[in-house]
Structures are given as structure tokens and as C-alpha cells.
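Trainee: Following this message is one structure expressed as C-alpha cells.
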Amino acid sequence: MVKLENVTKRFNDAGLYGIDAHLPKNGFCTVIGRSGAGKSLLLRTILGLIKPDSGRVLIDDTDIYNVKYKKLKSIRSKFGVLFQNNALLDSMNVFENVSLPVSYRNPDISQNDLKDMVADKLRVTYLSNVSEKYVNQLSGGMQKRVAIARALITDPEILFYDEPITGLDPLTAEGIIDLIRNLHSEIKKTTIVITHDMRGFIDFTDYVMLIDEGRTLFCGTKEDFMDFDNIIARAYVKMAGKI
Ligand SMILES: Nc1ncnc2c1ncn2[C@@H]1O[C@H](COP(=O)(O)OP(=O)(O)O)[C@@H](O)[C@H]1O
Ligand SMILES: [Mg+2]
């Protein structure tokens, strides 16, 4: 469970202002908002990377900014993250990129164990045949999948995907949406997709959070969101072809 209570973080002319949210355990949640609304900033706050000026971020009832670093580290180990820019390392091949979170946390792991773990994640992301390739030899969609495989490698409790389909052609985007959906129905872990384009996710998301100019406009079930009488919310619903 991810819970935000009155989270405020001010920069000069942007930030988060009194964000409240409750993203239930094992649900599929889509966080939407315009470019610059504060979505990625919100993500970094949830991940324990940017401390809010005030308010609380709770992961499974633990206030992550009110614990010792060791505890924060153990909470962070529950997260799997697809960053907006993939954050892959060009100087490493697919296998090395995907294995990095494991070899970093557990340098003594045997090569055989590591190979098995990576092979499993490459299989579910349909990358088994490109393990030796360098990431800059791959298409945009495949690079996304490498980053997703890396997010999965630690078997996270909570998966975050920041703008997973932005910049992809429609067919490739559809493949990524299907992958994210299938992973959620198979492993049933809390999944949080951050996107300015909810079209591909609206049919199967359980919860919606809408933020605008650093404020929560809505956080609740998709059904309630569909009935939410707000001009920005209506624009999203309309864009998704639902009115
Ligand atoms: N570390 C930072 N320092 C200053 N401003 C920041 C920082 N991080 C984000 N911002 C500002 O916060 C606003 C929201 O950014 P962001 O969360 O990236 O938007 P989104 O992901 O919704 O497009 C932007 O105006 C951005 O410039
Ligand atoms: Mg962003």
C-alpha cells in the first residue's frame, strides 16, 4: 500500500502542494496529469529519493522519511521502477543491465543463479534472444522491455512505470501495454503506471489518480473517476473514447 498524506515539496515555481493519495495493495493504479504536473517528482518522493518539505509518505504503514537509512533501504528493495528515460547503461549488454540490481545488492551471487534469474525475466519480456546485445543496438520498444526486465529482477512488491509508452509508435505501445497488463495479472503486485496518456490503461486500471499543477484533483476507483465532474478529468475520459 502506498499512502501520501499532505505531501508538499516546493521548488521556485513548481512542486507538490498537499498531495493526498491512497493506492491500495496489489491494485493497478494509473496516475495521470499533464506534462509538468508533478508526476515524476511525485514518483521520486514515493521512492524515498526526494524528501518532502512536509507531509508523510507511507509504504505499508511505514513513514519512509521517518526511519533509519537501513530501514529505508529495505523498503526501497520492495520497489521495481521503470524510469521515464529507461536509465539503461549503454556500455553494458542486455544481460548486464538486467542483472545489475542483483549483482549490486548481492555481489557474491553465483553466476549460475544470476543467469537463471535473468533468463526468467528475459523470457517474460520476450528478450531471450538479445541477451548479448548492447542496448543501443535495440529498438525503442525493446529498450523499454529491457528496462522492465530490470525492474522485475528483484521480484518487487510494488512496480512503478513512469511514462512507459511515451514516444513509442502505436503498435509498439500496444505491446508494452499488454506486457504491463499481463505482468500484473500474473504476479498480482501493486502496479502504478504514471502517464499523460491513459488511453491504453483505462479499460483495466482499478484506480485513477489525477494530479494537476502539483495538486491531487482525484484519487479513487476508476468507476468514480468516470463520473467525476471536472473539466480536466472529462478531457481524459473523452480522449480515452469513453464519452
Ligand atoms: N529537482 C527539481 N528541482 C527543481 N524543479 C523541479 C525538480 N524536479 C521537478 N521540478 C519541477 O517540478 C515540475 C514537475 O515536474 P515533473 O514531475 O517532471 O512533471 P511530469 O512528470 O508531470 O511531467 C516541473 O516544473 C519541474 O521543472
Ligand atoms: Mg514525468
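All of the numbers you see were taken from the coordinates with simple rules; none came from a lab. No experiment lies behind these values; they were computed from the predicted model shown. Here Cβ is always computed from backbone atoms with ideal geometry, including for glycine, and neighbour counts include all displayed protein chains.
Trainee: Add -39500 (n - 2.57) for each DSSP H run of 4 or more in the chain, then divide by its residues: what number comes out at 222 nm, to the nearest 500 deg cm²/dmol?
Mentor: It comes out at -11000 deg cm²/dmol, rounded to the nearest 500.
Trainee: Also, I was wondering about something else. Only counting other Cβ atoms within 10 Å, I'd like LEU171, LEU179 sorted with the fewest neighbours first.
Mentor: Sorted ascending by nearby Cβ count, the order is LEU171, LEU179.
Trainee: Same structure again: Please report the net charge: other residues with Cβ closer than 13 Å to the Cβ of LEU49, K and R +1, D and E -1.
Mentor: +4
Trainee: Which of VAL31, VAL208, VAL102 moves most in a GNM of the chain, Cα contacts under 10 Å?
Mentor: VAL102
Trainee: Restricting to DSSP loop positions (anything but H, G, I, E, B) with no more than 15 other Cβ atoms inside 10 Å of their own Cβ, which chymotrypsin sites (Phe, Trp or Tyr not before Pro) remain in the range 1-78?
Mentor: PHE11
Trainee: Moving on to the next point. Output the relative contact order of the chain, whole-number percent, from Cα pairs under 8 angstrom with separation of 6+ residues.
Mentor: Relative contact order here is 28 percent.
Trainee: Restricting attention to the range 132-163, which trypsin sites (Lys or Arg not before Pro) occupy a DSSP loop and are surrounded by at most 15 other Cβ atoms within 10 Å?
Mentor: Listed in order of number, the matching sites are LYS133.
Trainee: If you build a Gaussian network model of the chain, linking Cα atoms that sit under 10 Å apart, which residue out of ALA149, ALA14, ALA37 swings the most?
Mentor: Result: ALA14 has the largest fluctuation of those listed.
Trainee: Assuming 0.36 nm per residue, please report the length gained on full extension of the stretch ASN6 to ASP206 beyond their Cα-Cα distance.
Mentor: Extra length from ASN6 to ASP206 when fully extended: 69.7 nm.
Trainee: Is the shape of the chain best called rounded, prolate or oblate, per the rule: a/c under 1.5 gives rounded, else a/b larger than b/c gives prolate, else oblate, with a ≥ b ≥ c the square roots of the Cα gyration tensor eigenvalues?
Mentor: Cα axes put the chain in the oblate bin.
Trainee: Report the net charge of residues surrounding ASN93, where surrounding means a beta-carbon distance below 11 angstrom and charges are Lys +1, Arg +1, Asp -1, Glu -1.
Mentor: Net charge in that neighbourhood comes out at -2.
Trainee: A further question on this structure: Which stretch or stretches of the range 223-239 have amide N atoms under 20 Å from the point lying 7 Å from SER185's Cα along the Cα→Cβ direction?
Mentor: Within reach of a label on SER185: 223.
Trainee: Counting Lys and Arg as +1 and Asp and Glu as -1, what is the net charge of the other residues whose Cβ lies under 13 Å from the Cβ of VAL67?
Mentor: Spelling it out: positives minus negatives among the neighbours equals +4.
Trainee: Same structure, new question: How would THR191, THR62, THR125 line up from fewest to most surrounding beta-carbon atoms within 10 angstrom?
Mentor: Going from least to most buried by this count: THR62, THR125, THR191.
Trainee: Loop only by DSSP, 13 or fewer other Cβ within 10 Å of the Cβ. Give me the trypsin sites (Lys or Arg not before Pro) in the range 55-127 that pass, ordered by residue number.
Mentor: Filter output for the range 55-127: LYS68.
Trainee: With labels modelled as points extended 7 Å from the Cα through the Cβ direction, what inter-label distance (nm, one decimal) is found for ASP20 paired with ILE243?
Mentor: 2.4 nm
Trainee: Please give the helix 170-187 orientation as an angle from the longest Cα principal axis of the chain, in degrees from 0 to 90, rounded to the nearest 10.
Mentor: Approximately 90 degrees, to the nearest ten.
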